[in-house]
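What follows is one structure encoded as structure tokens, with my remarks underneath.
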Amino acid sequence: MRMFVHIRYSHCPSAAMPRTTVKTAPRKRPRQARARATVEAILEATIHILLSRGYEGTTTIAVAERAGVSVGSLYQYFPNKEALVAALVERHVAELVACITDALDAAPADDPEAAVAAVVRAGIDAHRIHPQLHKILVEQVPRVGRMKTAMNTSKIITEKLAAFLAPHAAHLGGKDPALAAFVVETAVEALTHRAVIERPEMATERQLEAEALELVMGYLFGRGRQKVDGLRLNRSE
């Protein structure tokens, strides 16, 4: 959920690097359908090269070749590979916010437990998509200057969850909905983030979801494993 905030700076290579200004803003935005298709092909090619070569091995030449465009065409939109990664970071967090928003919108308004369970699942499922790419993007956030974007993403998700919990405050055992939303967002993000970065095999297991649900439902609603098991059985695959 807060996909890029939980970063250990002491272990991040960029934290020890001298600060340099790297332009990561796109040179121009695509307006026509053909231009948008070109940019999409470039970004998809960037994902492929990042996953196959890693950040250090990624070059604009390799991305252009993979996308089937000239390097000049790539440079019309992105001045360097940092700009490519920055664009992926922004797209990645936008997809996450949309995922959480959709989960809340689809949840029954009169069933806060089902809604929270849906949000937890959505957050974990989002981390299951390209976990290797997620790891690369997390590591490069400080380098490409998108920490503010990441922080804003966490804030947006927390506020959406708090707004949903507010009408159901009576079910929270006296907890403040805003604080409860912050605790839930932080706990689930920290858990899934560490699974993706440090134990990637766990990120693909449903057991991770089961433990996260038990943690969150116990904190919010005082529910034990039996109730959580019932919520898992109601998951729509």
Total residues in region 124-138, condition assigned to a helix (DSSP H, G or I) and in contact with a Leu (Cβ under 8 Å, 6 or more places away or on another chain): 6
Qualifying residues in region 172-189 (those that are assigned to a helix (DSSP H, G or I) and small (Gly, Ala, Ser)) - the one nearest to Leu220 (Cα to Cα): Ala180
Subset of region 187-210 [under 13 Å from Thr158 (Cβ atoms) and in contact with a Ser or Thr (Cβ under 8 Å, 6 or more places away or on another chain)]: Glu189
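Here is a yes/no grid of residues against (1) in a helix (DSSP H, G or I); (2) touching a Cys at 6+ places or on another chain (Cβ under 6 Å); (3) modelled with pLDDT of 90 or more; (4) closer than 18 Å to Asp110 by Cα:
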| residue | (1), (2), (3), (4) |
| --- | --- |
| Lys155 | yes, no, no, no |
| Glu159 | yes, no, yes, no |
| Ala163 | yes, no, yes, yes |
| Ala170 | yes, no, yes, yes |
| Leu191 | yes, no, no, no |
Considering residues of region 103-120 that are small (Gly, Ala, Ser) and part of a loop (DSSP other than H, G, I, E, B) only, the residue surrounded by the most Cβ atoms within 10 Å (Cβ to Cβ): Ala107
Enumeration of residues in region 204-237 that are farther than 14 Å from Val120 by Cβ and at pLDDT 65 or above: Thr204, Glu205, Gly222
Hey, Leu50 crowded, with 22+ Cβ neighbours inside 10 Å, of a type outside the set (Gly, Ala, Ser) and in a helix (DSSP H, G or I) or not: yes
Some residue of region 76-93 being β-branched (Val, Ile, Thr) and closer than 29 Å to Leu215 by Cβ: yes
Count of region 82-109 residues which are without any contact (Cβ under 8 Å) to a residue 24 or more places away in the chain and not small (Gly, Ala, Ser): 3
Leading residue by the ranking (surrounded by the most Cβ atoms within 10 Å (Cβ to Cβ)) among those in region 62-102 that are among the β-branched types (Val, Ile, Thr) and within 22 Å of Val116 (Cα to Cα): Val93
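The values are calculated or read from the model by the stated rules, or taken from the named source; none is laboratory data. A quick note: this is a predicted structure, and the numbers were derived from the prediction, not measured. All Cβ positions, even for glycine, are placed from backbone atoms using ideal geometry, and neighbour counts span all protein chains on display.
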